[in-house]
1. Before rounding to the nearest 500, sum -39500 (n - 2.57) across all DSSP H runs of length at least 4 in the chain and divide by the residue total; then give [θ] at 222 nm in deg cm²/dmol.
2. From the backbone phi of region 475-483, what are the Karplus-calculated ³J(HN,Hα) couplings (6.51 cos²θ - 1.76 cosθ + 1.60, θ = phi - 60°) in whole Hz, Gly and Pro given as x?
3. Placing +1 on the Cβ of each Lys and Arg and -1 on the Cβ of each Asp and Glu in the chain, which of THR46, VAL594, GLY123 has its Cα farthest towards the positive end of the resulting dipole?
4. What does the C-alpha gyration tensor say about the overall shape of the chain? Classify as rounded when a/c is under 1.5, otherwise prolate if a/b is larger than b/c, or oblate.
5. Would you mind computing, in nm to one decimal, how far apart the modelled labels at ARG419 and GLU572 are, each placed 7 Å from Cα along Cα→Cβ?
6. With the crude spin-label approximation of a point 7 Å out along Cα→Cβ, what separation in nm comes out for ASP538 versus ALA75?
7. At 20 Å minimum axial length over the Cα atoms and a Kyte-Doolittle cut of -0.5, report the qualifying DSSP H helices in the chain, or say none.
8. Using a/c under 1.5 as the rounded threshold, could you call region 10-53 rounded, prolate or oblate? The axes a ≥ b ≥ c are square roots of the C-alpha gyration tensor eigenvalues, and prolate needs a/b larger than b/c, oblate otherwise.
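The values are calculated or read from the model by the stated rules, or taken from the named source; none is laboratory data. None of these values were measured; they are calculated from a predicted model. When we count neighbours, we look across all protein chains shown, and the Cβ atoms used for this are built from the backbone with ideal geometry, even at glycine. Heavy atoms of the whole protein, side chains included, go into the accessibility calculation; ligands, DNA and RNA do not. Shrake-Rupley method; radii C 1.70, N 1.55, O 1.52, S 1.80 Å.
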Amino acid sequence: MPKYYLTTPLYYVNAAPHIGHTYTTMAAETIARFQRMQGFDAVMFTGTDEHGQKVERAAEAMGKSPQEFADAISAEFRNQWEKLNIRVDRTIRTTDPRHHRVVRWLFQRCLDNGFIYKGSYTGQYCVYDELYVNEAKPGDPCPECGRTTETVTEENYFFKLSAFTERLLELYETQPDFILPETRRNEVLSFVRQGLNDLSISRTTLKWGIPLPVEGHHVFYVWFDALIGYMSAVDGEDLWPADLHLIGKEIVRFHAIFWPAFLMAAELPLPKRIFAHGWLLFENDKMSKSRGNIVRAEPIREVMGADALRYFLLREIVFGQDGAFSYDALVNRYNSDLANGLGNLASRTLTMIGQYRGGAIPEGGETEIAALANDTIRTVRGAFGRFEFSKGLEAVWALISAVDKFIVQMAPWKVWRQRDDASQRQLDVTLYTAAEALRIATALLAPVLPQSAPKIWAQLGMTEPIEAVRFDTLAWGGLPPGQKVGEVSGVFPRIELKEAVAKMRAMEEQVTAGQAALLGKKTEPAPAPADGGIGIEDFSKVELRVAQVKTAERVKGADKLMHMKVDIGEAEPRSIVAGIAEAYTPEQLVNRKVVIVANLQPRKLRGIESNGMIVAASVEGGKPVLAGFHEDIPVGARLK
Ligand code: MSP
């Protein structure tokens with residue numbers, strides 16, 4: 001059997017998983033299941049990226065050693081996948097000695113081939129993205145995340161990335177589907193066409209990494225280390241090269257430029273394809289810890305089931321593009337497609353077969369539905385093969401609704417009472433058609449509904465495991481007449497919208513608190529010291545920053561409120577609503593430098609997002625007075 005090795009990114013263990021990670025992992029595992037239906041021996045990989053400054057600092061903030069911290073979070077990731085019916089075939093933690101060996105081995109090969117040299121670097125570095133920003137000046141923001149870069153000087157080992165500009169361009173030319181979708185390919189092309197700089201692949205400024213097999217205290221740059229995880233996970237097996245790296249769009253550069261160049265330098269085979277999907281947005285923003293707008297899979301699984309989440313993510317969002325997550329949309333999709341659509345078709349069909357035919361599948365078949373079902377098989381195969389999940393799923397639901405209409409038209413509940421042969425034959429045809437279409441839809445949905453599809457399958461009386469279904473043999477007519485259907489029970493009960501959303505939101509808060517506790521962070525406010533003051537650690541939790549007001553307008557219907565967009569050096573200005581509209585006019589505010597609390601949880605005021613708080617002084621009965629500076633100070637500077 002040909003193999004199909006596919007991977008998710010190795011997730012950072014600086015924070016517990018959220019549905020952004022679940023999105024990639026569920027999509028990848030759906031592809032694995034789909035490829036098995038195509039006859040491949042699909043091997044699904046996911047892992048954790050445990051080194052680097054980001055993890056070191058996160059651990060430090062929790063008072064843990066990086067190893068302890070990484071142990072706890074990586075266990076969280078593994079635990080999640082298991083609970084969400086995500087079957088992981090291979091995995092690696094980058095702290096595993098097995099991985100260290102492969103990283104050193106690959107480094108040595110690059111060194112022996114003359115692609116690594118020792119040099120020195122002074123420049124700006126973004127700790128958050130673990131990225132050297134060559135073009136930046138001190139104090140400049142990181143082009144990726146907008147956070148202020150830090151100046152570092154280091155003696156480093158460099159990888160001769162510049163030597164690969166031409167070979168990479170040739171790769172993208174000769175293998176136009178190496179990077180998908182097209183938009184991402186174009187970004188990479190234009191970046192590489194400008195010429196590539198050599199890349200520093202070692203660090204002396206941090207300890208938490210894999211030591212280089214050279215003199216001195218160098219550890220590997222976290223991306224050199226992590227990318228190799230795709231290989232070390234299958235070391236000694238015949239699985240490399242990977243057939244697919246599935247990633248989020250923000251890490252395309254590392255996968256489509258650095259990674260093939262490392263492999264070329266080491267004379268190793270390249271992965272066949274990189275697919276970058278879009279971002280899952282929540283409340284119109286990329287989900288992230290620092291923005292405080294995180295949604296986790298756990299409450300969704302508890303209230304709606306893991307299949308509901310997987311279905312929603314793959315049906316609602318065009319794979320490759322950004323898409324919004326919302327609890328309401330999730331419940332609405334569930335009710336319309338899973339409860340009323342698939343679930344209803346299954347229960348009414350099976351109940352009728354029980355009632356009218358003693359639970360035995362009759363003989364028959366309506367040609368139009370049969371043709372549509374065979375078309376649907378082809379459509380799904382093609383669409384899933386191109387990672388167009390929403391299109392494939394849409395086609396299955398077109399089949400389901402055609403069958404629903406057909407049943408209504410044929411009115412089996414009326415025909416049943418007519419005892420003549422023609423009517424009874426018509427009833428057979430109706431019931432077989434519904435059941436066979438249901439069988440086909442269920443088989444096609446197995447990669448997306450790994451928990452529920454087998455249940456419907458069993459209710460149809462199928463004995464062959466659903467995992468054994470192959471596209472090559474899946475066709476109309478496979479349901480054997482005479483087969484006894486199993487016990488009928490509803491697979492997707494209807495869910496009450498408001499109640500479910502409230503439950504998920506409440507649980508989300510609990511899970512967040514639980515996870516914080518797991519990591520050793522205190523969630524209840526620390527007791528005040530005996531002398532009534534607070535410790536410096538308490539103060540340092542408050543992130544005060546210099547912000548410049550870009551726009552200001554009064555909030556309609558609220559005399560006190562002003563809505564502002566302020567720049568604090570992040571990629572996008574922040575939206576802040578403050579009660580200063582009686583003290584200042586919008587004109588007085590625009591361009592003014594103010595102080596904001598930058599790490600407050602965002603909240604909505606009059607329906608407008610407020611992501612931060614402006615610092616102002618006020619006296620009883622008086623108007624607020626904004627804090628400011630006499631000297632000039634760059635935007636984003638932190639007050640400490
Ligand atoms: N450790 C690196 C990857 C190294 S791979 C050799 C890393 N880790 S990460 O924890 O930040 O994970 C990033 C990946 O998680 C994204 O590329 C994407 O697959 C997934 N996502 C995280 N948040 C996401 C969204 N909000 N939306 C969509 N995908 C998200 O980068």
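1. Result for the chain: -12000 deg cm²/dmol, rounded to the nearest 500.
2. 7, 4, x, x, 7, x, x, x, 4
3. VAL594
4. oblate
5. Inter-label distance under the simple model: 7.0 nm.
6. Modelled inter-label distance: 3.2 nm.
7. What comes out of the filter, once short or polar helices are dropped, is 19-37, 367-385, 389-410, 421-445, 497-518.
8. In terms of gyration-tensor shape, oblate.
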